[in-house]
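The values are calculated or read from the model by the stated rules, or taken from the named source; none is laboratory data. Not measured: the values here are computed from a predicted model. Quick reminder, even Gly has a Cβ in these numbers, built from the backbone with ideal geometry, and neighbours come from all protein chains shown. Please note that ligands, DNA and RNA were not included when accessible areas were found on the heavy atoms of the full protein model with its side chains. Shrake-Rupley method; radii C 1.70, N 1.55, O 1.52, S 1.80 Å.
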Amino acid sequence: MGHMLIIGGGVAGGTAAAALRDEGHDGEITLLARENYPPYQRPPLSKGYLAGEEGTDAAILHPAEWYDEHGITLRTGVSATSLDPRAHRVTLSDGGELSYDAVLLATGATPRMLPLPGAALDGVVTLRRLDQSDALASALRGGAARLVIIGAGWIGLEVAATARQLGNDVVVVERDRVPLAAAVGERMGEVFRRLHLDHGVDLRTAVDVSAIVGAAHAEGVVVDGETVPADLVLVGVGAAPDTGLAEDAGLRLLNGVLTDSALRTSAPDVYAAGDVANAFHPVLQRHLRSEHWANALGAGKVAARSMLGLPASFDEIPYFYTDQFDLGMELSGYAPLMAGAEVIVRGDLEGREFIAFWVDGGRVVGGMNVNVWDVNENVQALIRSGERLDPDRLRDADVPLESLLP
Ligand SMILES: Cc1cc2nc3c(=O)[nH]c(=O)nc-3n(C[C@H](O)[C@H](O)[C@H](O)COP(=O)(O)OP(=O)(O)OC[C@H]3O[C@@H](n4cnc5c(N)ncnc54)[C@H](O)[C@@H]3O)c2cc1C
C-alpha cells in the first residue's frame with residue numbers, strides 16, 4: 001500500500017499514524033513533527049500542565065519508543081517545506097526530500113497576533129505549544145504576577161482561571177459585550193462572566209485595546225485610554241489555519257484546506273485533518289472547520305481510513321469541552337445552526353449545574369452540559385435524531401433524557 005506520510009505532530013497527525021496501523025496498513029509510515037516532541041495534545045497546556053498538576057505525559061499521545069515499536073518513522077524537529085502533489089514529493093527543512101503514496105496535512109493552526117503598537121515587546125506571548133506553556137508557567141507559578149489577557153475566548157479564560165488559581169492578579173479584556181458570545185450566545189456567555197467575576201478575575205468587556213506599552217518588556221496594556229499594569233500579556237484572539245504548504249501546492253483553500261467528507265483535498269492523494277481542514281460535513285451539507293480536540297481525534301481516524309482507500313466519512317457532531325475553576329463543561333452541536341436557535345435550560349443556571357439545549361424549529365441542534373455528567377451521549381443522540389421535541393419536557397429535569405429519544 002506504499003508510503004503514508006503525515007505532516008504535523010498534533011492530535012490529528014498522531015491519531016492518524018496510529019489508526020493507519022490499526023486499520024491494517026503494513027507499509028511505511030512517516031510522521032514529520034516540526035516541534036521537538038512526539039505528537040501531543042494541547043488542552044492540558046492551559047489547564048493542568050500550566051498549573052503544574054500534570055506533566056508532559058498528560059499531553060504526549062505516545063512516547064517516542066511507541067513509534068519505533070509500531071514501525072512508524074517519527075521525525076521530530078523537522079518540517080515539510082514544500083509539497084509537490086504531481087510528483088508525490090515533499091521537501092524538508094533539513095534539506096532532505098521524501099516521496100509518498102498518500103500524504104496527510106495535519107499542520108494545525110497558529111495563534112493570531114494583534115497588529116498593536118508594542119505587540120513585539122518581551123512578555124507579550126501567545127499559547128499554542130508546550131514550550132510556551134512552560135514559559136507562562138514559570139512566570140505564573142510564583143503567584144505574584146500581574147497578567148493581562150487580551151481576548152476572552154476559551155484559551156484566554158482557561159488561562160485566566162489557572163493563573164487566578166495560582167494566586168496571580170488577572171485582568172481579561174474583551175472587545176465584545178459578552179465573553180464567548182460568538183461560541184455559545186450571550187445568555188451562556190454570561191455564565192462564564194459570572195464564574196470569572198466570582199473568582200476574582202477582573203473581566204472587562206466591550207473595551208478597546210489600543211497599545212501595549214513598556215521599554216523593552218511589556219509594562220502595561222492601554223485599555224480604553226487607561227494603562228492597565230502588566231508583567232505579562234497573553235494575546236488570545238484566535239488562531240489561523242496553517243495553510244502555507246497547501247497554498248504553495250495550489251490546493252483549494254477557503255478558511256483552511258477544503259476537503260470532502262472523506263477528508264480528500266483538491267489534489268490527488270493529499271488529505272487534510274484537524275484544525276487546518278475545512279471539511280464537508282455530510283449531515284450539515286456544508287463545510288465546517290472546527291478547532292477542537294475531538295475534531296482532530298475523529299478526523300485523524302477517518303483520514304487514515306481514507307488514505308488506505310477504505311470507506312470513510314467524517315460525520316461527527318462537533319464536540320468541545322472546557323474546565324475553568326470549578327466548572328466543567330461539554331458542548332456538542334452544530335455552530336452554524338446554534339447561532340439562531342432558542343436556548344432552553346434544564347437545571348440550575350445560577351448554581352452552574354444545568355444542561356442548555358439549542359432548539360431550532362423544535363429540534364435540538366446543540367447541547368451544553370455544565371457540571372452535569374454522563375449525559376453527552378444522550379445529548380448527541382437527541383441532536384442526531386432530528387426529532388421535534390416538546391420544550392417543556394426538554395426543560396423538565398424530572399423527565400429523563402433517555403425518554404426523549406425516539
Ligand atoms: C492551550 C490550548 C488549549 C486547548 N484546550 C482545548 C480544550 O479544552 N478542548 C478542546 O476541544 N480543544 C482545545 N484546544 C484545541 C485543540 O488543541 C486543537 O483543536 C488541536 O490541537 C488541533 O489538533 P491538530 O492536530 O489539528 O493541530 P495542532 O495541535 O496544531 O498540531 C499541528 C502540528 O503540526 C506542526 N506543523 C505545522 N506545519 C508543519 C510542517 N510544515 N511540517 C511539520 N510539522 C508541521 C505544528 O508545529 C504542530 O505541532 C486547545 C488548544 C490550545 C492551544
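The strands (runs of 3 or more DSSP E) located wholly in the range 54-143 that include 2 or more residues which are under 14 Å from residue 9 (Cα atoms) occupy 72-76, 102-105, 109-111. When the range 333-358 is filtered for residues that are surrounded by 20 or more Cβ atoms within 10 Å (Cβ to Cβ), within 26 Å of the chain's Cα centre (by Cα) and under 15 Å from residue 389 (Cβ atoms), the ones remaining, listed by number, are 333, 355, 356, 357, 358. Here is a check on your reading of the model: is residue 100 surrounded by 15 or more Cβ atoms within 10 Å (Cβ to Cβ), near the ligand (Cβ under 8 Å from one of its atoms) and aromatic (Phe, Trp, Tyr)? Here the answer is no, as residue 100 does not meet what is asked. Taken together, the residues in the range 1-44 that are open to solvent by 40 Å² or more (accessible area, probe 1.4 Å) and β-branched (Val, Ile, Thr) amount to 0. The one condition from (1) surrounded by fewer than 18 Cβ atoms within 10 Å (Cβ to Cβ); (2) of a type in the set (A, V, I, L, M, F, W, C); (3) under 16 Å from residue 295 (Cβ atoms) that residue 253 does not meet is (3). Restricted to strands (runs of 3 or more DSSP E) entirely inside the range 296-385, those with at least 2 residues that are β-branched (Val, Ile, Thr) are 342-348, 353-360, 363-370. Flag: residue 76 matches the condition of being open to solvent by 50 Å² or more (accessible area, probe 1.4 Å), in contact with a Phe, Trp or Tyr (Cβ under 8 Å, 6 or more places away or on another chain) and at pLDDT 95 or above.
The sole residue among 73, 56 that is more than 10 Å from the ligand (Cβ to nearest atom), closer than 22 Å to residue 110 by Cβ and touching a residue at least 40 places away in the same chain (Cβ under 8 Å) is 56.
Evaluating residue 242 against the criteria (1) under 18 Å from the mean Cα position of the chain (by Cα); (2) closer than 21 Å to residue 321 by Cα; (3) within 16 Å of the ligand (Cβ to nearest atom) leaves one unmet condition, (2).
Filtering the range 148-186 to residues that are in contact (Cβ under 8 Å) with a residue 60 or more places away in the chain, at positive phi and outside any helix (DSSP H, G or I) leaves only 151.
Look at the range 235-249: where a residue is more than 30 Å from residue 152 (Cβ to Cβ) and touching a residue at least 24 places away in the same chain (Cβ under 8 Å) and a partner is open to solvent by 30 Å² or more (accessible area, probe 1.4 Å) and part of a loop (DSSP other than H, G, I, E, B), sitting 6+ places away or on another chain with Cβ atoms under 9 Å, you get 245/107; 246/107; 246/252. Checking 158, 174 one by one, the residue that is within 12 Å of the ligand (Cβ to nearest atom) and either open to solvent by less than 30 Å² (accessible area, probe 1.4 Å) or among the β-branched types (Val, Ile, Thr) (or both) is 158 and no other.
Inside the range 45-60, residues that are open to solvent by 50 Å² or more (accessible area, probe 1.4 Å) and either within 18 Å of residue 20 (Cα to Cα) or under 20 Å from the mean Cα position of the chain (by Cα) (or both) make up a count of 3. A count restricted to the range 24-40 and to residues that are more than 6 Å from the ligand (Cβ to nearest atom) and either within 13 Å of residue 107 (Cα to Cα) or not in a loop (DSSP other than H, G, I, E, B) (or both) stands at 5.
The set of residues in the range 257-304 being free of Cβ contacts under 8 Å to residues at least 40 places away in the same chain and of a type in the set (Asp, Glu) consists of 260 alone. Among residues of the range 178-209 being under 27 Å from residue 116 (Cα atoms) and among the charged types (D, E, K, R), the one that is surrounded by the most Cβ atoms within 10 Å (Cβ to Cβ) is 193. Condition check: within 12 Å of the ligand (Cβ to nearest atom) and either buried (at least 18 other Cβ atoms within 10 Å of the Cβ) or over 23 Å from residue 238 (Cβ atoms) (or both). Does residue 124 satisfy that? No, not satisfied.
Residues in the range 216-247 that are open to solvent by 50 Å² or more (accessible area, probe 1.4 Å) and closer than 18 Å to residue 139 by Cβ: 216, 217, 219, 229, 231.
The set of residues in the range 289-332 that are more than 30 Å from residue 30 (Cβ to Cβ), open to solvent by 60 Å² or more (accessible area, probe 1.4 Å) and more than 9 Å from the ligand (Cβ to nearest atom) contains only 326. With respect to residue 144, is the statement that it is of a type in the set (A, V, I, L, M, F, W, C), within 22 Å of residue 38 (Cα to Cα) and surrounded by fewer than 15 Cβ atoms within 10 Å (Cβ to Cβ) true? Criteria not met by residue 144.
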